[in-house]
Amino acid sequence: MRKKPILTYLALIFISALSVFAQDGEQTRSITSDDFNQQRPAAKKAAPRKRVEYKLTKRAAAVRRKSSAVRNTRKTVGNSVFADIGVTVWKLRPRIRTDAGFTLPVQIGARVEQWSAERVGADSQFRKGDRVRLAIEPSSVGYLYVVDSEILSDGTFGDPYLIFPAGTEPNRVSPGMLVDIPDQKDELPYFNINPQAANYRGELLTVIVSPEPITFRTDNKGRITSIDELSELEFDAEVSIFSRTDDTDKLYTKAEADSSCGAKSRMLIREKASVQKPCGETSRQLTRDEPSPQTIYRVKTTTGRPAVAFVRLDVGN
């Protein structure tokens with residue numbers, strides 16, 4: 001167990017980072033990459049980089065799980081602040097001659113091909129057979145947790161599974177560090193969207209950045225059994241989603257690959273699982289002049305409380 005002074009120190013760092021995003025009243029309808037990237041480390045020789053514009057696309061509704069009897073009776077303590085969580089969804093596609101990005105292996109029948117990974121928006125619709133991966137980047141120091149639940153056709157959600165961290169892998173994160181899901185070091189590092197149930201409509205990822213560690217109770221399959229604890233976090237969430245307005249940085253880059261820390265997922269459908277360990281804290285961090293996330297989830301929370309965002313992967317017929 002960690003000593004309290006260390007937790008207190010991390011909480012102070014987290015709170016000070018959150019306070020950068022504190023605003024009065026209604027949030028603005030647009031932001032720039034400077035709002036997010038200023039928390040990243042500076043490059044030794046930073047080259048001038050064009051600011052990326054983001055526009056407010058929608059506000060995410062908090063999740064209500066049928067399996068929980070939680071009612072939001074907790075008294076709010078502390079000042080309202082805003083925290084940013086960057087998310088990029090990558091869709092793999094065959095490589096074309098002009099592609100200059102970092103390629104990833106894809107299984108096609110009995111052979112393996114090198115495909116490109118291209119950014120897609122938060123409101124993208126996916127189809128059966130799509131191969132996807134995600135990268136999550138916090139704007140503050142803290143502990144990252146990612147929970148995956150199936151989205152069902154009646155508007156409810158399946159059982160929640162803790163897909164990051166898995167086991168004892170490190171989950172302390174800081175600005176500029178990407179968490180890849182699945183791990184890019186996997187033999188085949190992507191999810192294959194292959195719905196099995198007729199009422200399946202996609203995946204809901206609950207992304208949590210907490211100033212202190214959270215202990216979720218799980219069974220041997222990674223399914224969260226402490227539903228009330230998760231539901232209280234989701235019940236409180238107020239999230240605004242900002243999407244990039246430009247068409248640059250479309251392909252997965254070597255810089256992003258070098259800055260990623262892998263995640264071993266228990267959910268969705270993976271081609272193969274690697275026995276390699278995730279990179280932990282050995283990876284380098286993205287600097288301010290390197291690619292920005294495709295989508296920024298701006299979370300309204302209170303000082304000292306976790307920031308919670310919802311990422312939907314909607315799947316059509």
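The values are calculated or read from the model by the stated rules, or taken from the named source; none is laboratory data. A quick note: this is a predicted structure, and the numbers were derived from the prediction, not measured. Quick reminder, even Gly has a Cβ in these numbers, built from the backbone with ideal geometry, and neighbours come from all protein chains shown. Surface areas here come from the heavy atoms of the whole protein model, side chains and all, with no ligands, DNA or RNA. Shrake-Rupley method; radii C 1.70, N 1.55, O 1.52, S 1.80 Å.
Flag: Ser260 matches the condition of being modelled with pLDDT under 85, open to solvent by less than 20 Å² (accessible area, probe 1.4 Å) and either hydroxyl-bearing (Ser, Thr, Tyr) or over 17 Å from Ile85 (Cβ atoms) (or both).
Scoring Phe102 on the criteria (1) surrounded by 15 or more Cβ atoms within 10 Å (Cβ to Cβ); (2) modelled with pLDDT under 90; (3) within 22 Å of Glu238 (Cβ to Cβ); (4) of a type outside the set (S, T, N, Q) leaves a single failure, condition (3). Restricting to region 151-180, what's the tally of residues that are assigned to a strand (DSSP E or B) and either among the small types (Gly, Ala, Ser) or within 26 Å of Ala83 (Cα to Cα) (or both)? The total comes to 11.
Count of region 162-196 residues, restricted to those that are touching a Cys at 6+ places or on another chain (Cβ under 7 Å) and farther than 24 Å from Phe126 by Cα, is 1. Summed over region 191-221, the residues that are hydrophobic (A, V, I, L, M, F, W, C), surrounded by fewer than 20 Cβ atoms within 10 Å (Cβ to Cβ) and within 17 Å of Glu169 (Cβ to Cβ) give a count of 2. Could you tell me which residue of region 269-297 is modelled with the lowest pLDDT, considering only residues that are crowded, with 17+ Cβ neighbours inside 10 Å and of a type in the set (A, V, I, L, M, F, W, C)? The residue in question is Cys279.
Here Pro165 qualifies as in contact with a Phe, Trp or Tyr (Cβ under 8 Å, 6 or more places away or on another chain), open to solvent by 10 Å² or more (accessible area, probe 1.4 Å) and at pLDDT below 90.
A quick yes/no check of all residues on (1) aromatic (Phe, Trp, Tyr); (2) open to solvent by less than 30 Å² (accessible area, probe 1.4 Å); (3) at positive phi:
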residue	(1), (2), (3)
Arg111	no, no, no
Asp130	no, yes, no
Tyr143	yes, yes, no
Val146	no, yes, no
Ser153	no, no, no
Asn171	no, yes, no
Ile181	no, yes, no
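Evaluating Lys300 against the criteria (1) at pLDDT 85 or above; (2) closer than 30 Å to Pro105 by Cβ leaves one unmet condition, (2).
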